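Every number here is computed from the coordinates shown, using simple stated rules; none is lab data. These numbers were taken from a predicted model, which means no experiment stands behind them.
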Amino acid sequence: MTRKTIKKSAAILAMTSLVFLSCKNQGNSNTENKVEQQPKQEFVDEHNAKNSLDWAGIYEGTLPCASCPGINTTLKLNADLTFELTEVYLDEEQSKQFC
């Protein structure tokens, strides 16, 4: 190989290297410019047990008791956020009422 051929090959190799390196750098800078961070949106759920459910009403049941056969319990929930609780112990004449 002659000196002229070696210089030509070195010049072509240098130019090719520059082209590849410059393309790689442009690709990275374009990608970085395209990435935009959008502001995070907070999810506000306006549904809750107070406004989504029909909870006002009368609930009745018998609760277990250690010293008697059971406790008949009545719970009345009012729409104005008040309640009335009545407990009647089975086999006893006394009843307890809480407001």
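Which ³J(HN,Hα) values, rounded to whole Hz and listed in residue order, are derived for the stretch 39-55 from phi using the Karplus coefficients 6.51, -1.76 and 1.60 in 6.51 cos²θ - 1.76 cosθ + 1.60 with θ = phi - 60°, glycine and proline given as x?
x, 6, 9, 7, 8, 10, 9, 8, 8, 8, 5, 6, 10, 9, 10, 8, 9
What is the gain in length, in nm to one decimal, between Ser52 and Asp80 on full extension, counting 0.36 nm per residue of separation less the C-alpha to C-alpha distance?
So the extension gain works out to 8.5 nm.
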